[in-house]
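First up is the structure itself, then whatever we jot down about it.
Please treat every number below as a calculation from the coordinates, not as lab data. Everything quoted here is computed from the prediction, not taken from an experiment. Reconstructed Cβ throughout: ideal geometry from the backbone, glycine too, with neighbour counts over all protein chains shown.
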């Protein structure tokens, strides 16, 4: 299965998705297909105030919130990857609500890819998709070695 699409997300939420803490993404738009692989893109714009607010929300409202809060990288560390594709997740749209995506099997890329994003799920340029798919093949080959 090849990656063809991406979605842009605030850093904390993307980090939580890539670590398996956040397994559902809810958007106002439907995904590119019912299921598949999707690249996770960190937004360019995310203020420290938004970061602090999201971190406090997770700590107060998630069952694993305190664990996430301790493991979460600093604002400055995540800021280094603003505007980059950082990984890939498998997604499946909920049959009753296609704007609710169930996420699984996150894979961090070895080489993050800078690119402009979009709030909805968006199609990747061909060369970027090829880069990601190459990296996924490399990762898979190392697992099998």
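The listed peptides 4-17, 51-64, ordered by packing as a protection proxy, come out as 4-17, 51-64 (highest mean of other Cβ atoms within 10 Å first).
The simple spin-label model puts a point 7 Å past each Cα toward its Cβ; for residue 82 and residue 34 those points are separated by 4.0 nm. Helices in the chain, meaning DSSP H runs of at least 4 residues, each add -39500 (n - 2.57). Divided by all residues, the mean residue ellipticity at 222 nm is -11000 deg cm²/dmol.
Shape verdict for the range 60-133, please, from the Cα gyration tensor: rounded (a/c under 1.5), prolate (a/b greater than b/c) or oblate. Cα axes put the range 60-133 in the oblate bin. In plain terms, the chain from residue 71 to residue 120 could stretch by 14.9 nm, reckoned as 0.36 nm per residue minus the Cα-Cα distance. Using all C-alpha to C-alpha distances in the range 3-144, build P(r) with 10 Å bins and read off the rounded percent in each one. Percent of Cα pairs in each bin: 12, 42, 36, 10, 0. What distance in nm separates the simple spin-label points at residue 26 and residue 52, each placed 7 Å from Cα in the Cβ direction? Each label point is offset 7 Å from its Cα along the Cβ direction, giving 2.7 nm.
Each residue, residue 60 and residue 95, gets one label point 7 Å from its Cα in the Cβ direction; the gap between the two is 3.8 nm.
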